[in-house]
Structures are given as C-alpha cells and as structure tokens.
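A short write-up of the structure that comes next.
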Amino acid sequence: MSDQLTPAGFPRLGLTADEVLTTTRAVRKRLDFDRPVPRELITECVEIAHQSPSGSNTQRWRWVFVDDPATKLAIAEIYRKHFFVYAETSGKPKSEQAGDAVQQSATYLAEHFEKVPVMMIPLLADRMTDATPVARQASRWGSILPGVWSFMLAARERGLGTAWTTMTLQSEREMAELLNIPYDEYTQAGLFPVAYTIGTDFKLAKRPPADNVIRWNAWS
C-alpha cells in the first residue's frame with residue numbers, strides 16, 4: 001500500500017487513473033466484514049463523487065448509508081427474498097467470461113450481506129416510473145450513475161470494495177419505509193456493500209475485444 005494519504009488522513013493505494021478504471025471490480029467474496037469503515041472515509045468518497053457530471057448541473061443525488069446492525073439485517077433479508085428466487089431461474093447471474101464464479105460470489109454476498117460494515121443506497125431526487133419518458137429517464141439516470149461510479153472508483157483507491165446490486169429495487173417501497181425515504185420524491189438506484197477489501201491486488205477482468213462491440217457511422 002502506498003504511503004499517500006487522503007485529505008482526511010486515510011491511506012491511499014496510489015493507483016494511476018487507468019489502474020483505478022481497469023481494476024475496480026464488483027467485490028463480494030473479498031469484502032472484509034470485520035474491519036470497520038470510518039464515516040469520515042465514506043464522506044470523503046462522496047465529496048469526490050460530487051465532482052461527477054450531472055444533467056443541467058442539477059446534482060439531483062442523495063445518499064443513504066446504513067451501519068446500524070438491525071437495519072442492515074432487515075435490508076439483507078429483503079435482498080435475500082429476491083436473490084434466491086432469481087438465482088434459481090434461467091436468469092441466474094452467470095457470464096460467458098466468469099461462468100459459475102459470478103453466481104458463487106453473488107450467493108456468498110447474499111448469504112452474508114448483513115455483515116458488511118456499511119450499506120449504501122444512492123437516491124435520485126425524482127420519482128421514475130414505467131410511464132416516465134425515455135428522454136427524461138436518460139437525463140436523470142445519466143446524472144446519478146456517474147456519481148455512483150465515481151464513488152466506487154474513489155473507494156477502490158482507498159482500499160474499499162463495492163458491488164452494484166439491484167435486488168432490493170423489487171421492494172423499493174418497503175426499503176423506503178424501512179429507511180424513511182420519501183417514496184414519491186426519490187428513486188433508489190441500487191444497494192451497495194462498502195467494506196475494506198481482503199487484499200488490494202485486483203486485476204483486469206476478462207472482456208471481449210473492443211472491436212467486437214464497436215460500429216462506425218451506422219449499425220451495419
């Protein structure tokens with residue numbers, strides 16, 4: 001680990017921009033459940049996330065963090081309620097590159113979710129529904145998602161791991177009631193575990209060559 005420090009005095013890994021971008025993984029099995037994550041470090045990551053672009057510079061994001069054990073357990077139970085149904089269907093989390101490894105790590109996270117030191121629920125300050133026009137959805141999601149990704153990148157540089165999960169969105173209203181989120185005013189963007197990682201030596205993932213997915217000037 002580098003001897004560089006963050007403004008609040010927390011160690012940084014000293015990764016280059018390219019290293020952060022290419023090694024920020026969805027971390028599940030390598031989350032350290034026993035090491036507390038200081039609130040000041042979370043705040044530091046949010047400060048960086050707030051530098052991300054947003055539609056019309058409106059910064060329509062809010063952040064709910066949960067470190068209360070009872071609340072984390074309630075959220076984990078909501079997550080598991082949907083995850084294990086999903087995992088038993090044909091849409092279970094697999095990929096051509098990772099095969100069963102993705103499902104195994106996702107199952108591990110589901111089984112231990114309440115143990116993560118901090119859970120993050122990012123909020124969009126608008127209510128998105130099936131009837132919301134696509135253009136408005138693109139603008140709104142295009143505002144909060146860069147902020148969330150910036151948080152994940154900042155976390156990686158500070159030795160923290162995260163994973164983007166969406167199972168609780170199937171019970172968004174229940175989550176809103178649990179966390180006292182005004183449901184009609186805010187849309188949840190997911191549920192993210194936040195923890196120090198066990199080791200920091202994350203590598204590039206296996207991905208298809210860029211030429212496989214690039215088109216120039218027209219689709220064909």
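The values are calculated or read from the model by the stated rules, or taken from the named source; none is laboratory data. Bear in mind that the values here come from a model prediction, so they are computed numbers and not experimental data. Here the Cβ is made from the backbone with ideal geometry for all residues, glycine too, and neighbour counts use every protein chain on show.
In the list Ser139, Ser150, which residue meets the criterion of being modelled with pLDDT of 95 or more, touching a helix residue (DSSP H, G or I) at 6+ places or on another chain (Cβ under 8 Å) and surrounded by fewer than 21 Cβ atoms within 10 Å (Cβ to Cβ)?
Details: Ser139 fails: modelled with pLDDT of 95 or more.
Within the list Ser139, Ser150, the selection yields Ser150.
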Would you tally the residues in the stretch 97-131 being farther than 19 Å from Arg39 by Cβ and assigned to a helix (DSSP H, G or I)?
-> 14
Could you tell me whether Glu185 is assigned to a helix (DSSP H, G or I), farther than 23 Å from Thr16 by Cβ and of a type outside the set (A, V, I, L, M, F, W, C)?
-> no
Those residues of the stretch 188-213 that are of a type outside the set (Phe, Trp, Tyr), assigned to a loop (DSSP other than H, G, I, E, B) and either touching a helix residue (DSSP H, G or I) at 6+ places or on another chain (Cβ under 7 Å) or within 14 Å of Leu123 (Cβ to Cβ) (or both) come to a total of 4
Residues in the stretch 5-38 that are over 20 Å from Trp164 (Cα atoms) and in a helix (DSSP H, G or I): how many?
-> 2
Here the residues within the stretch 82-96 that are assigned to a helix (DSSP H, G or I) and either crowded, with 18+ Cβ neighbours inside 10 Å or at pLDDT below 90 (or both) are Phe83, Tyr86, Ala87
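Condition test on Ala195, is it over 22 Å from Tyr86 (Cβ atoms) and without any contact (Cβ under 8 Å) to a residue 40 or more places away in the chain? Steps first, please.
Working: over 22 Å from Tyr86 (Cβ atoms): yes; without any contact (Cβ under 8 Å) to a residue 40 or more places away in the chain: no.
No.
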Filtered residues of the stretch 132-170 (kept if closer than 20 Å to Gly55 by Cα and free of Cβ contacts under 8 Å to residues at least 60 places away in the same chain) = Thr132, Pro133, Val134, Ala135, Arg136, Gln137, Ala138, Trp141, Leu145
In the stretch 1-23, residues that are out of contact with any strand residue (DSSP E or B) (no Cβ under 8 Å at 6 or more places or on another chain), touching a residue at least 24 places away in the same chain (Cβ under 8 Å) and closer than 11 Å to Arg156 by Cβ total 6
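For the stretch 165-195, how many residues meet the condition of being closer than 20 Å to Glu44 by Cβ and out of contact with any Pro (no Cβ under 9 Å at 6 or more places or on another chain)? Before you say what the answer is, go through the steps one by one.
First, pick out the residues of the stretch 165-195 that are closer than 20 Å to Glu44 by Cβ: 192-195.
Those still in the list that are out of contact with any Pro (no Cβ under 9 Å at 6 or more places or on another chain) too: none.
Total satisfying the criteria: 0.
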His112 passes all but one of (1) modelled with pLDDT of 95 or more; (2) buried (at least 20 other Cβ atoms within 10 Å of the Cβ); which number fails?
-> (2)
Across (1) among the basic types (Lys, Arg); (2) at pLDDT 95 or above; (3) over 17 Å from the mean Cα position of the chain (by Cα), Lys29 clears everything bar (3)
